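Asks: Questions regarding the structure given below will be posed in turn.
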Amino acid sequence: VATTTTRIPGYGQDLPCEDSAVQSLAELLGADLAQRAWASAAERAGVRPPVETLDTLGEVARELVLSDRPLVRVAGRSLLVRIGSYRALSLMLGKTA
Amino acid sequence: MKLNGIETWADPIKDTARLSEIGELGLTELTDDPELQALAADAAVAFNLPIGVVSIVLDESQYFIARTGVDGWVGGADGTPVEWSFCRNVVRSASDFVVEDATVHPVMKDSPLVKLEGLACYAGTPMVSSNGHVLGSFCVKGKEVRSFSEDEMVLLREYAARAVRLIEDRRRQVA
């Protein structure tokens, strides 16, 4: 599924992407740990960065949820909800997500 | 919190100690727990409202670990971005948050939960862990304008306390 839209009109949710996901992780873990956690999750998911689709972003997020670090699990679940919400709302509003 | 001698406000939603406890309690994986499900459903019936939710407020999303009456795009996503949620206000204030008519509420009127889902009334109360962290909100909501009595808020707080007991008991059993 290509990430062709960047924002749900009128509702202000940006398209979830790798940069924003790593930034969110960094707010919880610090930049270095966040980069490592993201790279590790991407590797376990079999995804080679850059992560460019919602599907692959979701695969990495699911690996984050399986992490042994509580804060990484939180960030992963947060990301999964945002991906699901963006996708469902975009579809409901008749856009491609 | 002070930064360079200036008092600043730290957003409780981003509090890493709170978020760590959420992760440690397994609240990032727990879905469709039957006892929590029953609690959410029971609360909706008790308040004569269509929706009851045990909502865990994460750093950027709210995650519904138990719910009744939540369908459509919200149900499919298991939650919403935190900026759209009623429940974030419960965590930020660590107190009850009540909305009688969301369509005119200054904070909530533009949320897609109001504009698209048609939510009108909301009552949520903090779910506070034994460590003192607000994990999220136990809440009921509906699509009609409605007020909530003090007796009803007492009942809602009892539901929230029961939800926390279930969450913590379950974690103790797993550990």
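Asks: Of everything in the range B:109-124, what is out of contact with any strand residue (DSSP E or B) (no Cβ under 7 Å at 6 or more places or on another chain), in contact (Cβ under 8 Å) with a residue 12 or more places away in the chain and in a helix (DSSP H, G or I)? Give them in sequence order.
Replies: Matches in the range B:109-124: B:Pro112, B:Val114.
Asks: Out of A:Glu18, A:Glu43, I need the residue that is surrounded by fewer than 20 Cβ atoms within 10 Å (Cβ to Cβ), touching a Pro at 6+ places or on another chain (Cβ under 8 Å) and at pLDDT 95 or above. Which one?
Replies: A:Glu18
Asks: Hey, another quick one. The conditions are (1) within 14 Å of another protein chain (Cβ to nearest Cβ); (2) in contact (Cβ under 8 Å) with a residue 60 or more places away in the chain; (3) within 15 Å of the chain's Cα centre (by Cα), and B:Phe138 fails exactly one of them. Which is it?
Replies: Going through the list (1) within 14 Å of another protein chain (Cβ to nearest Cβ); (2) in contact (Cβ under 8 Å) with a residue 60 or more places away in the chain; (3) within 15 Å of the chain's Cα centre (by Cα), B:Phe138 breaks only (1).
Asks: For the range B:100-116, state whether one or more residues are within 14 Å of chain A (Cβ to nearest Cβ) and either aromatic (Phe, Trp, Tyr) or on the phi > 0 side of the Ramachandran plot (or both).
Replies: no
Asks: Within the range A:45-65, track down each residue that is in contact (Cβ under 8 Å) with a residue 24 or more places away in the chain and within 24 Å of A:Gly30 (Cβ to Cβ).
Replies: Hits for the range A:45-65 are A:Pro49, A:Pro50, A:Val51, A:Leu57, A:Val60, A:Ala61, A:Leu64.
Asks: Same structure again: Identify, please: which residue in the range B:18-39 is more than 10 Å from chain A (Cβ to nearest Cβ), over 15 Å from the mean Cα position of the chain (by Cα) and assigned to a helix (DSSP H, G or I) and is, among those, modelled with the highest pLDDT?
Replies: Only one residue tops the list, namely B:Ala38.
Asks: Can I ask one more? Among the residues of the range A:68-97, write down those that are free of Cβ contacts under 8 Å to residues at least 60 places away in the same chain and more than 9 Å from chain B (Cβ to nearest Cβ).
Replies: A:Asp68, A:Gly94
Asks: Further, regarding this structure: Could we say that B:Met127 is at pLDDT 95 or above, surrounded by 13 or more Cβ atoms within 10 Å (Cβ to Cβ), part of a helix (DSSP H, G or I) and of a type outside the set (Lys, Arg) here?
Replies: no
Asks: What tally of residues in the range B:40-66 results from selecting those that are free of Cβ contacts under 8 Å to residues at least 60 places away in the same chain, of a type in the set (A, V, I, L, M) and at the interface with chain A (Cβ under 9 Å from one of its Cβ atoms)?
Replies: Residues meeting the conditions: 1.
Asks: Also: What residue, among those in the range B:40-72 that are of a type in the set (Gly, Ala, Ser) and buried (at least 24 other Cβ atoms within 10 Å of the Cβ), is farthest from the chain's Cα centre (by Cα)?
Replies: My answer is B:Ala43.
Asks: Just give me the residues in the range A:26-61 being out of contact with any helix residue (DSSP H, G or I) (no Cβ under 7 Å at 6 or more places or on another chain) and either within 12 Å of another protein chain (Cβ to nearest Cβ) or in a helix (DSSP H, G or I) (or both), in sequence order.
Replies: Those that are out of contact with any helix residue (DSSP H, G or I) (no Cβ under 7 Å at 6 or more places or on another chain) and either within 12 Å of another protein chain (Cβ to nearest Cβ) or in a helix (DSSP H, G or I) (or both): A:Gly30, A:Ala31, A:Asp32, A:Leu33, A:Arg36, A:Ala39, A:Ser40, A:Glu43, A:Asp55, A:Thr56.
The values are calculated or read from the model by the stated rules, or taken from the named source; none is laboratory data. From a predicted model like this one, the values you see are computed outputs, not experimental measurements. For neighbour counting, all protein chains shown are included, and Cβ atoms are generated from backbone atoms with ideal geometry for every residue, glycine included.
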